[in-house]
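Student: Dropping a structure here in C-alpha cells format, bear with me for questions.
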Amino acid sequence: MKVLVGVKRVIDYNVKVRVKSDNTDVDLANTKMAMNPFCEIALEEAVRLKEAGVATEVIAVSVGTSASQEQLRAAMALGADRAILVETDEVAEPLHVAKAFAKLMEQEDIGLVMLGKQSIDSDNNQVGQMLAALTGRPQGTFASKVVVEGEQVTVTREIDGGLRTVRLALPAIVTADLRLNEPRFAKLPDIMKAKRKPLATTNFADLGVTVKQSMRLDRVDVPSVRSGGVKVESVDELISKLKDEAKVI
Amino acid sequence: MRESMEFDVVIVGAGPSGLSTAIRLKQLNADLNVCVLEKGSEVGAHILSGAVFEPRALNELFPDWQELGAPLTTPVTKDEVYLLKGEQGEREIPHALVPKPMVNDGNYIISVGNLCRWLAEQAEGLGVEVFPGFAAAEILFHEDGSVKGVATGDMGVSASGEQLATYMEGMELHARYTVFSEGCRGHLGKQLIERFNLDQGKDPQHYAIGIKELWQIPADKHQPGLVIHGSGWPLEDASGGFFLYHGDNQQVMVGLIVDLNYKNPWMSPYEEFQRLKHHPLLAQYLTGGERVSYGARAIAKGGWNALPSMTMPGALLVGCDAGTLNVAKIKGTHTAMKSGMIGAEALAQVLADESKAWDSTFAQLFDASWLKEELYQTRNFAPAMHKFGTLLGGAFNFVDQNLFKLPFTLHDTSLDHAQLLPADQAPKIDYPKPDGKLSFDRLSSVYLSNTNHEEDQPCHLVLKDSTIPTGENLTRFAEPAQRYCPAGVYEIIEQDGGPKLQINAQNCLHCKTCDIKDPAQNITWVTPEGTGGPNYPNM
Amino acid sequence: MTTLLIAEHNGQQLAPATLSALTAAQQIGGDIAMLIAGAEVTAVAEQAAQCAGVAQVLVAQDDSLRYELAENLSALIISLAGDYSHIVAPSNSITKDAMPRVAALLDVGQLSDITGVLSATQFQRPIYAGNAIATVTSLDDKQVITVRAASFAKASAQGGSATVTSVAVPAGSGLSTWVADELTVSERPQLTAADRVVSGGRGVGSKENFALLESLADKLGAALGASRAAVDAGFVSNDMQVGQTGKIVAPELYMAFGISGAIQHLAGMKDAKVIVAVNKDEDAPIFQVADYYLVADLFDVLPELIEKL
C-alpha cells in the first residue's frame, strides 16, 4: 500500500507572526519557516506504517513555491521515500490542494492519504475532507489512533467531548490530530541521504487541475488589544460585577 | 557506541566566520568534504549584530556578490556621532574629530542574520553540508590529544536525564580538522582555550553585552543609510555606547553595548537600554514606531592583546570564538569572515600536503594578512577606553588612530567578572518603569526574540556549586544575574521561607553573559537540545 | 438570498452554538431554513421552529444520520443545497468534518470559523491561531461557512413559528462505519474546552495551596489552569499550563490568582470573554488585560469567594 503524505511549508510555530503595516498580509520576510506541525505528525504515522510493514512506500507531496522543497527534503530525511512538489507561486486554496492530491491519488494508486488536520497559518481545516469528497472515499479526521487491518483502517477521532472510533474502507483519507504520535528527530545521515532521494516537480496544469480563485484576502488586522478594566475593592463587589454586569456566573 | 560520520573539515557554527571558512575551502578544493553544524533552528536564527558592515572580506570571498544577490542593500549615507549629556542634551562630535576607524564611508547597514542566510545558500551551492538544528555539545580527542571532531548532543532527554520516547543519541562527527566558529564565548572554544593554553601570554579577554531591537518606524522619520553612534548617558559608571541604524523597509536597528567590566552590581544593561530610548535623539525616530524584534549577545572585544593563539592540533578557532572583532571600528563581521578565509587557505594547504606544519602555515598566512594589520593597529583602543574612560580614552584614540600610530601598547589585565563592588558599597539604581511605547518589560521583550526551548530537557545553565547564587552571590552582590541577564532567566524567589534561585532556561537568548559575568564563575552555559534558542528574523 | 443553517444538537436539545450561528445567519440576511439531522430529532425540530427568524425547519430523520458521519451528512446537505445561497453551521467537530465536503462537492471554497459578518460575501476570520484577523471576500456563487460561536451573541430561541418539513435522506455511503464512542466523563471540564477557568501562578506559593483554587474551580464548575512559573515551581503538572507554550484557552470566564501576567501567559488566555485577576502587586501586568481586578492577597480573597459563591 502506498501512502501519500501532505507537507505544507508554514511559519515556524515558535515564531510570532506580525501583521504588515499596510495590512495587506502578515510579514514573513526572513522568518523561520518549517513543516506544519500537524503534517509532521501525519508523516510520522506514515513512516511508522512503513516500518511496521503495512505501507510499501511513503510519498511526500507539497503544494507551494519552490521553497517548499526544503520541507520535502525534511520529510524525506524523516522517512518519506520520495517527494512531489506541485509548484505554484499563487496562494493555493484548500480546494486547489485537494484537487491536486486527488489527481496524484489516482496516478500513484494511493491506498492511504495521511494529512495534518489543519495548517497553523490559514487554520482552514479543509483539505482532507475536500479530498475525501472529491474522490468519493471515506475520511477519518482529527485522528488520535490509526490501525490498518487488511482493506480497512480503524481511526479513533478526537471529537467534542471525547473520542469516536470509525472504520473506513481503503483507500481512505486520514487527518492527524496532535495526540496521534510524537514525531521523531531527523538524523544527520538521513538528512544527507534525503538530498539524493527523488523529488519530482509538477504543477496544476500538468495535473489537469483548473484553479479557480474562491477567496480574496482583503486585509489582515492585528486582533484588538484588550484594554485594562475595572478595579474592584472587595470580593463582594467582584461577585456582583460578575453576576450583574458581566453575567458570567 | 555512538554512530559516527567522517569529514575532511567539520565547522561548528554557521555564522560569518564558519560559513566563510566553508565557502573558501570549497572554492579552493571542491573535492573536500565539509560540513557546518548550527545549533539554531535555521542559519541566522541565533545571529544578532548591529550592523554596519565593511564589505572588504566579502569582496574577496565573492567579488561578484552584487550579481549573486547578497543582502547588502543600504549603503551608509550619513554618519553621526554623539555624546549624550543626560536625559535630554547631547553634543554631536564633528566628523573631523571622529577616530578614523569609526568612519563608515563605503559600508552598508545590514542584517548579519540575513547575510548568513545568504552565505549558507552559497555554501550549499558549493556542496557544503549545512546542518541547522544540531548543536555540537562535546569535543572529541584522539589519543595523542589532538582534536578528532565533535559530538552532537542527545535529543529527547527529560529534565531529570531520562530517555524520552523521542530519544535520539548524539552523533560523532570526525574530521581531519575541526573549526570552531561558535561566536563570542563559545562553550567549546572556552574549553579549547583552557585545554591548549591558547591564551598564554595574552591579556584576559574582555567582553561587552549588546542588546538590540529592531523597529518598524513611520515613513516620514525614516532616513535609509543614516548611522548614529554615541556614548555617555545613561551609562554613568560603565563604559559602552549605543547605535541606531536606519536600514531598508522602514526598519531601524537600535542597541546599546555595555562593557562587562562594570562595577555596580545594581546595574541592569537591559534597563539602561530601555531608558536610553527615551532620549530625544533616539525617541525622535522611534516614537510612533513598533518594536519588531529583540535580542542580545555578548561581544568579545579584547582585540589584538587578548587574541589567543588560534590553532591547535587538529583544530582552529576563528571569528569571535577567538576574538577577532575590531573594537575601534565596533565591527567584527568582516574580520570574522577574513579569519575564516585565512583559516580555510591554511587548511587547504595542509590537507593537500600533510608534510606542512599546521601552526606555522596558518601563522604565516595570518601575519601577512590585512586582518593582522587591522587588529594590531587598533590594539590600544579598548584598553584606552577602559583605562581612561570614554572621554579621555576617546581623545587618546583620536590621537592614536588619526594623528600618530603610537609606538607602545596599552594592556588591560583586569578580569571582567572580578570587577563588581559589594552591593552595599554601590549606589542602587532606580530605573524608570517602562511606558509600553518606547520601553518595555523584560518578558515582553523576550517574547519578541521568538526564543523557545523544549521544556522537558536538562537545564543548559549548569551551576558548579548550587549554593553560590543564594550564598555569596546574594549576600555580597545581591545576585547580579537577576539584572545582567537580558532575558529574565535568573530570578531569586522566596520559597519555603528562604531565597531560591529560579532558572527560567526556556527564556535564554544564548548571549553567554552569565557565563562571563558571574562573579564566582559558577555558571557554565552548555548547549541545550538542538533548535532551541531564539528565532531572530532580520537581526 | 437564502441560508441553510445546520443545527447543532444532542438529539434532545438544540445547542446554544446553533443560536450564535443563527445570529451570524441573520447578519448575512435573507430567509433562513434550519436543518435538523439525526436519528430521532422530533423534539429538537420543535425547538428549532420556535427560534426567532427561522422561516423553515427541515427535518432529516434516519438511522444513517445517528452519528452524523461526514459522508452521510454532507450527502444530505448537498441534496438540499441547490435552493440556498449560503450554507452555514456552527463550528464543531461534526461540521468541521462535514462542511468542507459540502464545499468541495459544490466546487466552492469554505470560510472556516468566521468571527464577523461584514456583508453577504465578506467575512472576518482568525488566522495564525488568532494572532491575526483576516478579512476575506468569497468569490463563489455559494458560500459555505462555519461560525465561531463565541464571537456571536445568541439569537432568541423564542418567538418564531417556522414550518416544519421532512426531507428525504440519501442512502448512506457504506464506506465509513461507526464503531464506538468514548466520551470523557470528568468532574472537572477539560482546560481547553471549559467555559470557566480558574488559574494560579507563582503567587499561590505551593502545591498544597492549589487545593484552595481547586475548591473554587469545583464551586464554579471550572477547569484548573496554571502559569508557567507555577509549573516550573513544581506546584502543578505541565499539562495544566496556560500560555504560549502551553494550552490556549478562550473561556467565558478566566480567573487568575497570583499570576503576574507575563506576555507568554497572556498569549494563552487573552481571548477569554471576561478576565478577573487577583494579585497583591498593583503593577502586575495582568491588570492591563483584566476586565475586573482586585489588588489583594489571594489567600484572603479565595476563602471569601468560595464561601460567598
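Student: Considering only segment A:80-98, I want to know if a residue exists there that is buried (at least 21 other Cβ atoms within 10 Å of the Cβ) and of a type in the set (Ser, Thr, Tyr).
Tutor: No: zero hits.
Student: Could you say whether any residue in segment B:254-268 is in contact (Cβ under 8 Å) with a residue 40 or more places away in the chain, open to solvent by less than 10 Å² (accessible area, probe 1.4 Å) and assigned to a helix (DSSP H, G or I)?
Tutor: No, segment B:254-268 contains no residue that is in contact (Cβ under 8 Å) with a residue 40 or more places away in the chain, open to solvent by less than 10 Å² (accessible area, probe 1.4 Å) and assigned to a helix (DSSP H, G or I).
Student: In segment A:153-181, which residues are outside any strand (DSSP E or B) and within 14 Å of chain C (Cβ to nearest Cβ)?
Tutor: At the first step, the residues of segment A:153-181 found to be outside any strand (DSSP E or B) are A:160-161, A:170-171, A:177-181.
Passing the criteria: A:ASP160, A:GLY161, A:LEU170, A:PRO171, A:ASP177, A:LEU178, A:ARG179.
Student: Based on this model, can you work out whether B:ALA159 counts as over 20 Å from B:ALA505 (Cα atoms) and either modelled with pLDDT of 95 or more or in the same structural domain as B:SER309 (by the TED database) (or both)? Full working, then the answer.
Tutor: Values: over 20 Å from B:ALA505 (Cα atoms): no; either modelled with pLDDT of 95 or more or in the same structural domain as B:SER309 (by the TED database) (or both): yes.
Here the answer is no, as B:ALA159 does not meet what is asked.
Student: So which strands (runs of 3 or more DSSP E) are wholly in segment B:149-188 and hold at least 3 residues that are within 12 Å of chain A (Cβ to nearest Cβ)?
Tutor: Values: elements: B:155-157, B:163-168, B:172-180.
It comes to B:155-157, B:163-168.
Student: Right, here's the next one. Restricting attention to segment A:226-239, and to residues there that are at pLDDT 90 or above and open to solvent by less than 50 Å² (accessible area, probe 1.4 Å), which single residue is farthest from the other protein chains (Cβ to nearest Cβ)?
Tutor: Ranking the candidates gives A:SER234 first.
Student: Would you check if there is a residue in segment C:203-218 being assigned to a loop (DSSP other than H, G, I, E, B) and under 30 Å from C:ALA149 (Cα atoms)? Break it down stepwise before answering.
Tutor: To start, the set of residues in segment C:203-218 that are assigned to a loop (DSSP other than H, G, I, E, B) comprises C:205-209.
Add one more test, that the residue is under 30 Å from C:ALA149 (Cα atoms), and what stays is none.
Scanning segment C:203-218 turns up no residue that is assigned to a loop (DSSP other than H, G, I, E, B) and under 30 Å from C:ALA149 (Cα atoms).
Student: What's the number of the only condition in (1) within 14 Å of chain C (Cβ to nearest Cβ); (2) in a loop (DSSP other than H, G, I, E, B); (3) open to solvent by less than 50 Å² (accessible area, probe 1.4 Å) that A:THR210 fails to meet?
Tutor: (3)
Student: Let me ask something else about it. Got a number for residues in segment B:326-360 being at pLDDT 95 or above and of a type in the set (Val, Ile, Thr)?
Tutor: Number satisfying all stated conditions: 4.
Student: So is C:ALA155 crowded, with 18+ Cβ neighbours inside 10 Å, of a type in the set (Gly, Ala, Ser) and away from every other protein chain (no Cβ under 11 Å) or not? Lay out the reasoning, then the answer.
Tutor: Working: crowded, with 18+ Cβ neighbours inside 10 Å: yes; of a type in the set (Gly, Ala, Ser): yes; away from every other protein chain (no Cβ under 11 Å): yes.
Yes; evaluated as a whole, the condition is true for this residue.
Student: For segment A:67-79, how many residues are of a type in the set (A, V, I, L, M) and surrounded by fewer than 19 Cβ atoms within 10 Å (Cβ to Cβ)? Don't jump to the end; show me each part of the working.
Tutor: Narrowing segment A:67-79 to residues of a type in the set (A, V, I, L, M): A:67, A:72, A:74-78.
The next check asks that each one be surrounded by fewer than 19 Cβ atoms within 10 Å (Cβ to Cβ); those that pass are A:67.
Here the count works out to 1.
Student: Of the residues A:LYS50, A:LYS2, only one is in contact (Cβ under 8 Å) with a residue 60 or more places away in the chain and either in contact with a Cys (Cβ under 6 Å, 6 or more places away or on another chain) or open to solvent by 40 Å² or more (accessible area, probe 1.4 Å) (or both); which?
Tutor: Details: A:LYS50 fails: in contact (Cβ under 8 Å) with a residue 60 or more places away in the chain.
Going through A:LYS50, A:LYS2 in turn, the sole match is A:LYS2.
Student: What number goes with the only condition from (1) open to solvent by 20 Å² or more (accessible area, probe 1.4 Å); (2) of a type in the set (D, E, K, R); (3) assigned by the TED database to the domain that holds B:ASP248 that B:LYS39 does not pass?
Tutor: Every listed condition holds for B:LYS39 apart from (3).
Student: Test of understanding: among B:ALA123, B:ALA57, B:ALA96, B:ALA137, which residue is at pLDDT below 95 and not in a loop (DSSP other than H, G, I, E, B)?
Tutor: Exactly one of B:ALA123, B:ALA57, B:ALA96, B:ALA137 is at pLDDT below 95 and not in a loop (DSSP other than H, G, I, E, B), namely B:ALA96.
Student: Of all residues being assigned to a loop (DSSP other than H, G, I, E, B), more than 14 Å from every other protein chain (Cβ to nearest Cβ) and not hydroxyl-bearing (Ser, Thr, Tyr) in segment B:466-509, which is nearest to B:VAL446 (Cα to Cα)? Just the residue, please. It would help to see each step written out before you state the result.
Tutor: At the first step, the residues of segment B:466-509 found to be assigned to a loop (DSSP other than H, G, I, E, B) are B:466-471, B:478-480, B:485-489, B:496-497, B:504, B:508-509.
Next, from what is left, pick out any that are more than 14 Å from every other protein chain (Cβ to nearest Cβ): B:466-471, B:478-480, B:485-486.
The next check asks that each one be not hydroxyl-bearing (Ser, Thr, Tyr); those that pass are B:468-469, B:471, B:478-480, B:485-486.
Details: B:ILE468: 26, B:PRO469: 23, B:GLY471: 28, B:ALA478: 23, B:GLU479: 21, B:PRO480: 19, B:CYS485: 11, B:PRO486: 8 Å.
That would be B:PRO486.
Student: When you go through (1) within 25 Å of the chain's Cα centre (by Cα); (2) outside any strand (DSSP E or B) one by one for B:GLU143, which number turns out not to apply?
Tutor: With (1) within 25 Å of the chain's Cα centre (by Cα); (2) outside any strand (DSSP E or B) applied to B:GLU143, the lone miss is (1).
Student: Another question, if that's okay. Are there any pairs with C-beta distances below 6 angstrom linking a residue in segment C:168-196 that is on the phi < 0 side of the Ramachandran plot and open to solvent by less than 60 Å² (accessible area, probe 1.4 Å) to a residue that is in a strand (DSSP E or B) and modelled with pLDDT under 90, with the two at least 6 apart or on different chains, and if so which?
Tutor: C:LEU191/C:LYS247
Student: Considering only residues that are open to solvent by less than 30 Å² (accessible area, probe 1.4 Å) and part of a loop (DSSP other than H, G, I, E, B), look in segment B:99-120 and name the one that is farthest from A:PHE185 (Cα to Cα).
Tutor: Per the stated criteria, the residue is B:PRO99.
Student: Can I ask one more? Does B:LYS221 qualify as being surrounded by fewer than 19 Cβ atoms within 10 Å (Cβ to Cβ), of a type in the set (Lys, Arg) and at pLDDT 95 or above?
Tutor: Here the answer is yes, as B:LYS221 does meet what is asked.
Student: Yes or no: A:SER21 hydroxyl-bearing (Ser, Thr, Tyr) and surrounded by 21 or more Cβ atoms within 10 Å (Cβ to Cβ)? Even if it seems obvious, please write down each step before you answer.
Tutor: Working: hydroxyl-bearing (Ser, Thr, Tyr): yes; surrounded by 21 or more Cβ atoms within 10 Å (Cβ to Cβ): no.
So A:SER21 fails the test.
Student: Quick check on my filter: what residues within segment A:152-179 are within 30 Å of B:GLY532 (Cβ to Cβ) and at pLDDT 95 or above?
Tutor: From segment A:152-179, those within 30 Å of B:GLY532 (Cβ to Cβ) are A:158, A:175-179; that's our starting set.
If the condition is that a residue be within 30 Å of B:GLY532 (Cβ to Cβ) and at pLDDT 95 or above, then A:THR175, A:ALA176 are the ones that fit.
Student: Which one of these is crowded, with 24+ Cβ neighbours inside 10 Å, more than 7 Å from every other protein chain (Cβ to nearest Cβ), touching a residue at least 24 places away in the same chain (Cβ under 8 Å) and touching a helix residue (DSSP H, G or I) at 6+ places or on another chain (Cβ under 7 Å): C:VAL242, C:VAL236?
Tutor: Values: C:VAL236 fails: crowded, with 24+ Cβ neighbours inside 10 Å.
The match here is C:VAL242.
Student: Can you tell me which of C:LYS273, C:LYS280 is touching a strand residue (DSSP E or B) at 6+ places or on another chain (Cβ under 8 Å), touching a residue at least 12 places away in the same chain (Cβ under 8 Å), open to solvent by 10 Å² or more (accessible area, probe 1.4 Å) and more than 9 Å from chain A (Cβ to nearest Cβ)? Give the steps one after another, and end with the answer.
Tutor: Details: C:LYS273 fails: more than 9 Å from chain A (Cβ to nearest Cβ).
Sole residue among the options that is touching a strand residue (DSSP E or B) at 6+ places or on another chain (Cβ under 8 Å), touching a residue at least 12 places away in the same chain (Cβ under 8 Å), open to solvent by 10 Å² or more (accessible area, probe 1.4 Å) and more than 9 Å from chain A (Cβ to nearest Cβ): C:LYS280.
Student: I'd like to check which strands (runs of 3 or more DSSP E) are fully inside segment C:100-144 and have at least 1 residues that are open to solvent by 40 Å² or more (accessible area, probe 1.4 Å). I'd like the intermediate steps shown before the answer.
Tutor: Numbers: elements: C:110-114, C:122-127, C:132-138.
Fully inside segment C:100-144 and qualifying: C:122-127.
Student: Report those strands (runs of 3 or more DSSP E) wholly inside segment A:1-119 carrying at least 1 residues which are over 28 Å from A:GLU151 (Cα atoms).
Tutor: Details: elements: A:2-6, A:9-11, A:33-35, A:57-64, A:82-87, A:110-116.
Hits in segment A:1-119: A:9-11, A:33-35, A:57-64, A:82-87.
Student: Return a yes/no flag: does segment B:137-146 have any residue that is in contact with a helix residue (DSSP H, G or I) (Cβ under 9 Å, 6 or more places away or on another chain), open to solvent by less than 10 Å² (accessible area, probe 1.4 Å) and within 14 Å of another protein chain (Cβ to nearest Cβ). Give the steps one after another, and end with the answer.
Tutor: Let us first name the residues in segment B:137-146 that are in contact with a helix residue (DSSP H, G or I) (Cβ under 9 Å, 6 or more places away or on another chain), namely B:137-139, B:141, B:145.
Now restrict to residues that are open to solvent by less than 10 Å² (accessible area, probe 1.4 Å): none.
No - not one qualifying residue is present in segment B:137-146.
Student: Mind listing whichever residues of segment C:283-297 are modelled with pLDDT of 90 or more, more than 9 Å from chain A (Cβ to nearest Cβ) and either open to solvent by 10 Å² or more (accessible area, probe 1.4 Å) or assigned to a strand (DSSP E or B) (or both)?
Tutor: The answer is C:ASP297, and nothing else.
Student: Working carefully through the options B:ASP496, B:ASP515, B:ASP465, find the one that is touching a His at 6+ places or on another chain (Cβ under 8 Å) and more than 30 Å from A:MET33 (Cα to Cα).
Tutor: Numbers: B:ASP496 fails: touching a His at 6+ places or on another chain (Cβ under 8 Å); B:ASP465 fails: touching a His at 6+ places or on another chain (Cβ under 8 Å).
The conditions single out B:ASP515.
Student: Pick out the one residue from B:LYS78, B:LYS39, B:LYS100, B:LYS85 that is within 14 Å of chain A (Cβ to nearest Cβ) and basic (Lys, Arg).
Tutor: Numbers: B:LYS78 fails: within 14 Å of chain A (Cβ to nearest Cβ); B:LYS100 fails: within 14 Å of chain A (Cβ to nearest Cβ); B:LYS85 fails: within 14 Å of chain A (Cβ to nearest Cβ).
Just one listed residue meets the conditions, B:LYS39.
The values are calculated or read from the model by the stated rules, or taken from the named source; none is laboratory data. What you see is a predicted model, and the numbers here were worked out from it, not measured in a lab. So basically every Cβ, Gly included, is an ideal-geometry build from the backbone, and we count neighbours across all protein chains shown. The protein model used for the area step is the full one, side chains on, heavy atoms only, and it has no ligands, DNA or RNA in it. Shrake-Rupley method; radii C 1.70, N 1.55, O 1.52, S 1.80 Å.
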